[in-house]
Structure formats: C-alpha cells, structure tokens
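What follows is a set of notes on a single structure, which appears directly below.
The values are calculated or read from the model by the stated rules, or taken from the named source; none is laboratory data. The shown structure was predicted, so the numbers you read here are calculated from the model rather than taken from an experiment. Cβ placement follows ideal geometry from the backbone for every residue including glycine, while neighbour counts extend to all protein chains displayed. Calculation scope for accessible area: heavy atoms of the full protein, side chains included, ligands and nucleic acids excluded. Shrake-Rupley method; radii C 1.70, N 1.55, O 1.52, S 1.80 Å.
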Amino acid sequence: MLALRYTWRLPQSHGLRFNARRALQTVAAASKIPEFAFAFDIDGVLVRSSDPLPRATKALSYLQSQRIPFILLTNGGGKHESERVADLSSKLDVQIDTSMFVQSHTPFADMDQYKDKTVMVVGGDGDKCRKVAEAYGFKTVVTPADILSAYPDVWPFSQQLLPYYSNFTRPLPAPIDPSSPSTSLRIDAVFVYNDPRDWGLDAQIMKDVLLSKGGVLGTLSSKNGDTSLPNNGYQQDNQPPVYFSNPDLLWAAKYHLPRLGQGGFREALEGIWAAITGGPTKGVELQKIVMGKPYKPTYEFAEKRLIAHRKAITQTNNKDLDPLRRVYMVGDNPASDIAGGNNYTSPYGTDWASILVQTGVYVEGTTPEHQPRKIVGDVWDAVAWAVAQEKWS
Ligand SMILES: [Mg+2]
C-alpha cells in the first residue's frame with residue numbers, strides 16, 4: 001500500500017515501477033515449470049460436428065500463454081497428422097504442432113521393426129492410409145485392394161469395384177505363388193489404420209493371412225486346428241501380428257443414429273474367426289493388439305509424447321527438469337477417455353486425473369459408467385478446475 005501511495009505521487013515513475021514489477025512477475029511465472037499437463041480429446045471437447053466449441057480456443061490459448069503442456073488425443077484417423085493439425089489449428093485459431101497430436105494410428109509411426117518389411121494397411125478412404133504409412137517411413141505397403149486388383153478371384157464379390165480401385169492400387173511387390181513360398185508375397189504385419197470401407201474384401205484377406213503359413217498369401221498352415229498346440233494351433237505358425245488402431249464400436253456421424261466404427265468391423269471379423277476356428281467355446285481367440293482409447297498402448301504413447309513436448313516447450317536440460325506429476329485427461333466419453341485415464345498406470349508414476357465435460361457424448365444428470373475425478377461443464381471449466389487444484393497462478 002505504501003508503495004502504491006508513493007507512486008501515486010509520482011505518476012511517471014509509477015508507470016516505470018509497475019511495468020518493471022509486472023515484467024519480473026512475468027519472468028518468474030515463465031521460469032516456473034508446471035509439473036502438470038493436459039491430454040484433450042477432440043470431438044465433443046474442442047469441436048463438435050467439426051465446429052469449434054465455445055471457450056475451446058480460450059482454454060488452449062491460456063495453457064500456451066502459461067507454457068502448460070498439452071496434447072490432443074483422439075481415436076480418429078485416416079489422414080496424416082499434419083493435415084489434421086492444419087485444419088484444427090485454423091478452426092481453433094491456436095497454433096498446434098504435429099508432435100502434440102496423437103490420433104488412433106500415430107503409435108504405428110514408432111514401430112520401426114516393420115519399416116523395412118512388407119506390411120498390409122487396411123481401411124480408410126482410397127489409399128490415404130497407405131500414404132500415411134509411407135509418411136511414417138514404411139517402405140513396402142500393400143493394401144487388400146492391391147491384392148484384389150492383381151488377383152480378382154481372391155474375392156469375387158468386389159470385382160465390380162475394380163474400376164474404382166484402379167485409381168489408386170499398385171502392383172504387388174511379389175506374386176501370390178504358394179508353390180514357391182520363399183518368393184511369394186509375404187505379409188509381416190497387418191495394420192488396420194481406419195474404418196474399412198469394403199468389409200467383405202478386407203475380412204477375406206485378413207482371414208487368409210491369419211490362416212496362412214508364416215504370412216505367405218495363398219498358403220494354409222498345417223498347424224490350424226491342432227488341439228495339442230496353444231490356441232488350437234491358430235496363429236501359431238509365424239503369422240503376422242494384427243493391430244487395430246481404434247476400438248470404437250459406434251461413432252456419431254451426420255446421420256441421426258450412431259454408425260458402426262472400426263470396432264464393428266473387428267467384431268464382425270471376430271465372429272467369422274470364431275465360426276471358422278470354433279472360437280471361445282473351443283478355447284480359440286483372435287490374437288490381436290487393439291490400440292486407441294481406452295487401451296493402455298495409446299496412453300503410454302501419449303505420455304511419452306507429453307514428456308517430450310514438455311521438454312521442448314520449457315527448453316530445459318533433461319536432467320534439470322522435475323518429473324511430470326499429473327496429467328489431466330479431459331474427455332466427453334466415459335467409456336473411452338475416462339475409463340482409459342482411470343485404468344492407466346503410468347510407468348513413470350504420473351497420476352492421470354480424468355475430467356468429464358458435458359459438451360459431447362456424456363449427458364448432464366446421468367450417471368457415467370466410469371466415474372471421472374471431476375465432472376465440469378466444458379473444456380474451459382476443466383482447465384480452470386485443474387489449474388486451481390495445482391494452485392497455479
Ligand atoms: Mg470425444
């Protein structure tokens with residue numbers, strides 16, 4: 001108060017002193033490194049039906065001004081991260097870097113062990129997902145449509161689509177020749193990047209790969225059905241691993257009722273697999289890796305990204321940086337965002353605190369099937385609550 005009275009008498013120097021003090025406070029705030037961060041779902045949190053939600057820009061701009069790290073974590077996909085980020089940055093009027101954006105298939109980008117192998121990419125519009133995989137560094141990418149174009153008999157029911165497929169299919173890197181397995185087309189990993197468009201073709205080719213000997217197309221493993229082996233011999237003969245990027249059974253599209261998502265395709269494939277192998281009643285499962293929220297691999301990947309992003313924006317020597325203590329997972333879907341945040345156990349001991357917003361899937365007044373740490377109105381309320389918890393000023 002004394003200082004204030006003093007400066008009132010000296011208006012010119014008051015201005016100087018005030019600015020200097022503000023500058024010092026700003027420097028102090030900027031040099032304070034937050035030990036908490038945010039992971040935001042996109043649909044129903046930041047945007048809805050591709051329109052930005054009110055106060056989303058305010059929330060993200062505030063975090064950037066405070067150098068509080070955040071990433072965006074979505075089960076969506078089908079386009080390269082740079083394309084989605086450019087679109088979102090302009091919609092929200094917030095500068096977002098590609099490294100802050102984790103979509104369903106982003107973790108595939110780190111799977112270096114397959115980059116020099118032959119992988120099969122399933123799903124998506126045209127061959128956009130092949131191009132995404134190539135941008136990730138995968139050198140030999142085959143799609144089910146490439147196989148259909150080379151061997152139309154592989155799935156007779158899609159032959160009427162060949163004129164459409166011819167717009168983007170490519171020659172196979174090797175022929176399908178079961179008489180010469182060593183030179184025949186061999187798939188080393190199957191990645192379902194996005195929702196399949198031609199379920200019949202994709203299910204047929206995936207079934208063929210799963211029953212093959214060592215992933216060689218056109219072969220059949222002699223171990224299939226051998227009850228003396230684990231899983232009755234299914235997927236016991238060096239068949240490639242199968243990765244699904246998104247577990248969502250249903251998704252909200254423009255139609256007034258929910259539409260089947262990638263999870264719907266997986267359920268269909270599991271049904272076919274059970275019918276062929278005997279399924280769970282015979283002790284046979286479809287061995288696969290499912291990623292995307294609420295599954296652990298996605299949260300693990302997201303946490304690594306957050307830690308790297310925090311280092312980048314604080315420009316601090318790794319050894320000087322205190323560990324990240326808490327991540328606030330902000331989402332609108334109790335079954336994915338909240339369940340995933342609640343169930344995830346960080347290998348670094350980071351506490352994941354879930355916050356449920358009411359601007360998307362979750363409807364106010366109902367009991368969420370997975371209880372978040374806090375229910376708030378919208379994304380700004382989520383940030384304000386978290387920042388208050390952290391006593392950040
Ligand atoms: Mg959502």
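In nm, what is the difference between 0.36 nm times the number of residues separating Ala86 and Asp112 and their Cα-Cα distance?
6.8 nm
Run down the aspartates and glutamates and flag those whose C-alpha is under 15 Å from the C-alpha of Lys374, throwing out any fewer than 8 positions away in its chain.
Hits, sequence-local ones excluded: Asp332, Asp337, Asp351, Glu364, Glu390.
Counting helices only, and only those DSSP H runs with n ≥ 4, report the 222 nm mean residue ellipticity of the chain as the sum of -39,500 (n - 2.57) divided by its residues, in deg cm²/dmol to the nearest 500.
The helix contribution divided over the chain gives -10500 deg cm²/dmol.
Helix 81-92 against the longest principal axis of the chain: what's the angle in degrees, Cα atoms only, rounded to the nearest 10?
Rounded to the nearest ten degrees, it is 40.
In 5 Å bins starting at zero, report the fraction of Cα pairs in the stretch 37-96 per bin as a rounded %.
Bins of 5 Å from zero give 4, 18, 31, 30, 13, 3, 0 percent of pairs.
Provide the gained length on full extension for the span Gln371 to Arg325, in nm with one decimal, where the gain is 0.36 nm per separating residue minus the Cα-Cα distance.
14.4 nm
For Lys32, which lysines qualify as cross-link partners when the Cα separation must be under 19 Å and same-chain residues fewer than eight apart are set aside?
Within reach: Lys311, Lys319, Lys391.
Lys304 to Arg170: extension gain in nm, 0.36 nm per residue of separation minus the Cα-Cα distance?
Here the answer is 44.7 nm.
Any chance you could list the semi-axes, whole Å, largest first, of the equivalent ellipsoid that the Cα gyration tensor gives for the stretch 108-290, using √(5λ)?
24, 22, 16
So what is Rg over Rh here for the stretch 204-360, counting just Cα atoms and using Kirkwood for Rh?
That ratio equals 1.10.
Which lysines have a Cα lying under 16 Å from the Cα of Lys128, excluding residues fewer than 8 positions away in the same chain?
Leaving aside lysines fewer than 8 places away in the same chain, those within reach of Lys128 are Lys79, Lys139.
Going highest first, how would you order 322-330, 274-282 by mean Cβ packing within 10 Å?
Put in order of decreasing packing, that is 322-330, 274-282.
Place +1 on the Cβ of every Lys and Arg and -1 on the Cβ of every Asp and Glu in the stretch 108-290, take the dipole about the Cα centre, and give the residue among Ala268, Ser222, Gly278 whose Cα lies farthest towards its positive end.
Selected residue: Ala268.
Accessible area per residue of the stretch 108-290 at 1.4 Å probe, in Å²?
Accessible area per residue: 47 Å².
Is there a quick way to get the dipole size of the chain? I mean about its Cα centre, with the Cβ of Lys and Arg at +1 and of Asp and Glu at -1; what is the value in debye to the nearest 20?
So the dipole magnitude of the chain works out to roughly 1800 debye.
What angle, in degrees between 0 and 90 and rounded to the nearest 10, separates the Cα long axis of helix 11-31 from the longest principal axis of the Cα atoms of the chain?
30 degrees
Under a Cβ-Cβ cut-off of 15 Å, what is the net charge of the residues other than Asp378 that fall near it, where Lys and Arg count +1 and Asp and Glu count -1?
Combined, the nearby Lys, Arg, Asp and Glu give -3.
What residues qualify as long-range amide H neighbours of Ala39, i.e. H under 5 Å apart, gap of 5 or more or another chain, H built at 1.01 Å from N?
Amide H neighbours of Ala39: Ile71, Tyr328, Met329, Val330.
Report, in degrees rounded to the nearest 10, the 0 to 90 angle that the Cα long axis of helix 56-65 makes with the longest principal axis of the chain.
Tilt of helix 56-65: around 70 degrees.
Given H placed 1.01 Å from N in the peptide plane, which residues other than close sequence neighbours of Lys213 have an amide H under 5 Å from its amide H?
Thr219, Leu220, Ser221
How charged is the neighbourhood of Glu300? Take every other residue with its Cβ under 14 Å from the Cβ of Glu300, and add Lys/Arg as +1 and Asp/Glu as -1.
Summing Lys/Arg as +1 and Asp/Glu as -1 gives +2.
So how long is each side of the chain along the principal axes, counting just the alpha-carbon atoms, biggest first, in Å?
97, 42, 42
Going by accessible area, probe 1.4 Å, with all protein chains left in place, what is the ranking of Asp202, Asp153, largest first?
Ranking Asp202, Asp153 by accessible area, largest first, yields Asp153, Asp202.
Around Trp155, what is the net charge, scoring Lys/Arg as +1 and Asp/Glu as -1 over all other residues with Cβ under 12 Å from its Cβ?
Local charge sum for Trp155: -3.
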